[in-house]
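What follows is a single structure, written as C-alpha cells, with notes after it.
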Amino acid sequence: MSSNAADTKSRLLDATLTLLEAGDVTIRMADVAKAAGISRQALYLHFPTRADLLIAAARHVETQKGMEQRLAPSRAAVKGIDRLDAYVDAWADWQQEIHGIARALMAMLPTDDAAQAAWNDRMRAHREGCEAAVRALKKDARLAPDHTIRQATDVLWMLLSLKNWELLTQDCGWSQKRYRDQTKQMARRLLVAE
C-alpha cells in the first residue's frame, strides 16, 4: 500500500474513532468520508462495508493506544498467577481509555450488524487473552479445581466486562486503582487454587 493510501486509510479510521468518541451511534459511511475529507467512493476502496470499517477502527485504536505493549507483561509472565495479574492490570486500565468508543458500539449492538461484527471481533480477542491467562494457571496446576478452562475463562471474561467497570467506576464512584486492585483480588479468589 502506498504511503498516500496508508495516510488516507489512517484518516478514515481516525475520523471513525472521533465520531464514535463523540457518541455518534449512526456512523454512516458518508459521515466518515466527510469527516476525513475524502469522497465516499474513496472510502469504499479502503473499506467495502461498514463492518470492515468498524472492525478496522476498533483494531486501530488498539494500535494507537499501544495495546500490544500493555499486554506484553502478561504474555511474558513465567508463572500463571503473574500472567493473570498482568492481564487484569492491562485490561482494567484499557477499559478507561476506550470507554467512549465502546459505549458507542454497545449502543449500536441491538440494531446494527456492522457494530455487532466489530464488537464480536474485539470480544473474541479479549476472550482469547482471558483463556491464555487461565491456561497458564492450569499449566502451573494453580487453576481452582471447581472450574474447567472454559468456565474459568467465562468467569474472568465476566469480571473484566465493560459493564462491570462502568458500574463500579461510574455508578459506585470507585477509583480506577480500586477497580483494578479489587478485580485482581476477585480473579485470584475465584480462579486460583491455594
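Taken together, the values in this text are just the output of simple stated rules run on the coordinates, not laboratory data. The structure presented is a predicted model; accordingly, all values stated were derived computationally and were not measured. Methodologically, a virtual Cβ is constructed for each residue, glycine included, from the backbone with ideal geometry; neighbour enumeration extends over all protein chains shown.
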**Item:** Residues Asp146 and Leu109, FRET efficiency given R0 of 25 Å [Cβ-Cβ distance, rounded to 0.05]
**Value:** 0.20
**Asked** Whose amide H sits under 5 Å from the amide H of Leu143, counting only residues 5 or more places off or on another chain, with H placed in the peptide plane?
**Response** Lys138, Ala193
**Item:** Extreme residue, positive dipole direction of the chain, given options Thr18, Val61, Val134 (C-beta unit charges)
**Value:** Val134
**Prompt:** Lys177 to Arg75: extension gain in nm, 0.36 nm per residue of separation minus the Cα-Cα distance?
**Reply:** 34.5 nm
**Request:** Work out how much length Ala22 to Gln41 would gain on full extension: take 0.36 nm times their residue separation and subtract the Cα-Cα distance, in nm to one decimal.
**Result:** 4.4 nm
**Asked** With each run of n ≥ 4 DSSP H residues scored as -39500 (n - 2.57), what mean residue ellipticity at 222 nm is computed for the chain after dividing by its residue count and rounding to the nearest 500 deg cm²/dmol?
**Response** -24500 deg cm²/dmol
**Request:** May I ask for the percentage of alpha-carbon pairs in segment 3-62 that lie more than 13 Å from each other?
**Result:** 54 percent
**Fill in**
At 37 °C in a medium of viscosity 0.692 mPa s, segment 1-113 has a Stokes-Einstein diffusion coefficient, with Rh taken as the Kirkwood radius over alpha carbon pairs, in µm² per second, of 214 µm²/s
**Prompt:** Which ³J(HN,Hα) values, rounded to whole Hz and listed in residue order, are derived for segment 119-136 from phi using the Karplus coefficients 6.51, -1.76 and 1.60 in 6.51 cos²θ - 1.76 cosθ + 1.60 with θ = phi - 60°, glycine and proline given as x?
**Reply:** 4, 4, 4, 6, 5, 4, 5, 5, 4, 4, x, 4, 5, 4, 5, 5, 4, 5
**Message:** Could you work out how much longer the chain between Ser10 and Ala125 gets when fully extended? Use 0.36 nm per residue separation minus the Cα distance between them, nm to one decimal.
**Reply:** 39.2 nm
**Prompt:** Which value, to two decimals, describes the C-alpha radius of gyration of the chain once divided by 2.2 N^0.38 Å?
**Reply:** 1.14
